[in-house]
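Novice: Please read through the structure below; I'll follow up with questions.
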Amino acid sequence: MHLAWPDAKKALQWGAFFVVWAMVASVQAELCRQQPDTLLEVKVSRVVDGDTLQLQDATRVRLIGLDTPEIGRDGKPSQPWAQAAKRRLQSLVDGGEQFYLLPGEQARDRYGRLLAHAFDAQGDNIEARLLQEGLGFAVFMPPNATLADCHMHAEQRARSERLGLWSGSPVRQARQVDAGGFALVRGRINKVERTRDWLWLELDGPLVLRIATAELASWPALQWHGLDVEVRGWVIDRGANVARKGRKRYMLTLTHPLMLEVLMGADQ
């Protein structure tokens, strides 16, 4: 078999590709790293799922910036990649090295769980590791958004390489939304309405987005109508009565600019 070397132009293109990825990896590593002596050392007793830990003192920890597929409960099957995410987090916990936490600015969620970032003995972020391997989605919930750029870089790398859950197609079209829960959704904004407290963005399906008007100053100035977008977050089912009144049944609240991406040349 004869193997031909690539021509000079292609070689330069591939060289540029690897240089860019090396730069991205370097930037990501710097964004994701913390000095262990500034963190809280803890002992983990068990891994609950891909984004939740229990410490030896019985404290439950919900990792910030990461949402992994749901483990099946009460006889329901697990979502794809849920068990893989749990096993991978277990392997990181079982490494025999020190394990550290950085509590969020908002330290507890409504369930009483500690909200924190996790780090290994080298100070590398655990959520970023899982995201980079395609085992979860990056999520952004201010005020706990310190590592938002780090997590988005990590997810983008897995997505470009089609790793883990990105080997399939986890993104749904807006017209396909039919349940609550975490989702990545693509759609076109076909109606915009602003009230005192909210900017409402209706998509071409049963889903409406909303952004608090008090937070709009942190968002880019966009002409919203007609934009093709990809959004992420927790969809809320507002019930059939809402739909019967002519409003969108499903709602997704956008709390951070990284939760929405404007798609250029998108084919809806």
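The values are calculated or read from the model by the stated rules, or taken from the named source; none is laboratory data. Since this is a predicted model, take the numbers as computed values, not measurements. Neighbour counts run over all protein chains shown; Cβ positions are idealised from the backbone, glycine included. Heads up: the accessible areas ignore ligands, DNA and RNA and are worked out on the full protein's heavy atoms, side chains in. Shrake-Rupley method; radii C 1.70, N 1.55, O 1.52, S 1.80 Å.
Novice: Just checking, how many residues over segment 34-47 are surrounded by 11 or more Cβ atoms within 10 Å (Cβ to Cβ) and modelled with pLDDT of 90 or more?
Specialist: Quick first cut of segment 34-47, residues surrounded by 11 or more Cβ atoms within 10 Å (Cβ to Cβ) only: 34, 36, 39-42, 44-47.
Within this subset, residues satisfying the condition of being modelled with pLDDT of 90 or more are 34, 39-42, 44-47.
Summing the residues that are surrounded by 11 or more Cβ atoms within 10 Å (Cβ to Cβ) and modelled with pLDDT of 90 or more in segment 34-47 gives 9.
Novice: Restricting segment 142-161 to residues that are assigned to a loop (DSSP other than H, G, I, E, B) and over 16 Å from residue 130 (Cβ atoms), which is nearest to the chain's Cα centre (by Cα)? If you could, list the steps in order and put the result at the bottom.
Specialist: Step one: filter segment 142-161 for residues assigned to a loop (DSSP other than H, G, I, E, B), giving 142-143, 145-147, 161.
Right, trim to over 16 Å from residue 130 (Cβ atoms) and you get 142-143, 145-146.
On the way: 142: 13, 143: 15, 145: 11, 146: 14 Å.
The selected residue is 145.
Novice: Please pick out the residue among 57, 51 that is under 15 Å from the mean Cα position of the chain (by Cα) and charged (D, E, K, R).
Specialist: Working: 57 fails: under 15 Å from the mean Cα position of the chain (by Cα).
Of the residues listed, the single one that is under 15 Å from the mean Cα position of the chain (by Cα) and charged (D, E, K, R) is 51.
Novice: Check whether at least one residue in segment 259-266 is in contact (Cβ under 8 Å) with a residue 60 or more places away in the chain, surrounded by 18 or more Cβ atoms within 10 Å (Cβ to Cβ), within 21 Å of residue 147 (Cα to Cα) and not β-branched (Val, Ile, Thr), and report yes or no.
Specialist: Keep residues of segment 259-266 that are in contact (Cβ under 8 Å) with a residue 60 or more places away in the chain, which gives 259, 263, 266.
Keeping just the survivors that are surrounded by 18 or more Cβ atoms within 10 Å (Cβ to Cβ) gives 259.
Subsequent filtering for residues that are within 21 Å of residue 147 (Cα to Cα) retains 259.
If we keep only those that are not β-branched (Val, Ile, Thr) as well, we get 259.
The answer is yes; a qualifying residue exists.
Novice: Moving to a separate point now. Go through segment 170-235 and tell me which strands (runs of 3 or more DSSP E), entirely inside it, have 1 or more residues that are surrounded by 13 or more Cβ atoms within 10 Å (Cβ to Cβ) and touching a residue at least 60 places away in the same chain (Cβ under 8 Å).
Specialist: Details: elements: 171-173, 181-194, 198-203, 207-212.
The strands (runs of 3 or more DSSP E) meeting that bar are 171-173, 181-194.
Novice: Search segment 53-94 for residues being within 19 Å of residue 183 (Cα to Cα) and among the hydroxyl-bearing types (Ser, Thr, Tyr), and hand back the single one that is modelled with the lowest pLDDT.
Specialist: 78
Novice: Then there's this: Among the residues of segment 236-247, count how many are touching a residue at least 24 places away in the same chain (Cβ under 8 Å) and under 29 Å from residue 145 (Cα atoms).
Specialist: First, the residues of segment 236-247 that are touching a residue at least 24 places away in the same chain (Cβ under 8 Å): 236-237, 243, 247.
Next, from what is left, pick out any that are under 29 Å from residue 145 (Cα atoms): 236-237.
Qualifying residue count, segment 236-247: 2.
Novice: Now, a different point. Since residue 100 meets every condition but one in (1) modelled with pLDDT of 95 or more; (2) open to solvent by 60 Å² or more (accessible area, probe 1.4 Å), which condition does it not meet?
Specialist: (2)
Novice: Among the residues of segment 236-254, write down those that are hydroxyl-bearing (Ser, Thr, Tyr) and either under 17 Å from residue 175 (Cβ atoms) or crowded, with 17+ Cβ neighbours inside 10 Å (or both).
Specialist: Residues of segment 236-254 that are hydroxyl-bearing (Ser, Thr, Tyr), as a first pass: 250, 253.
Within segment 236-254, 250 is the sole residue that qualifies.
Novice: Further question: When segment 45-82 is examined, which residues are found to be among the basic types (Lys, Arg) and part of a loop (DSSP other than H, G, I, E, B)? Steps first, answer last, please.
Specialist: Applying the first criterion (among the basic types (Lys, Arg)) to segment 45-82 yields 46, 60, 62, 73, 76.
Listed by number, the residues that qualify are 73, 76.
Novice: Go through 239, 205, 164 for me and flag whichever is under 19 Å from residue 136 (Cα atoms) and either at pLDDT below 95 or in contact with a helix residue (DSSP H, G or I) (Cβ under 7 Å, 6 or more places away or on another chain) (or both).
Specialist: Values: 239 fails: under 19 Å from residue 136 (Cα atoms); 205 fails: under 19 Å from residue 136 (Cα atoms).
Of the residues listed, the single one that is under 19 Å from residue 136 (Cα atoms) and either at pLDDT below 95 or in contact with a helix residue (DSSP H, G or I) (Cβ under 7 Å, 6 or more places away or on another chain) (or both) is 164.
Novice: What number of residues within segment 232-249 are closer than 16 Å to residue 192 by Cα and not basic (Lys, Arg)?
Specialist: Taking segment 232-249 as the starting set, the residues that turn out to be closer than 16 Å to residue 192 by Cα are 246-248.
With not basic (Lys, Arg) added as a condition, the list becomes 246.
Matching residues across segment 232-249 total 1.
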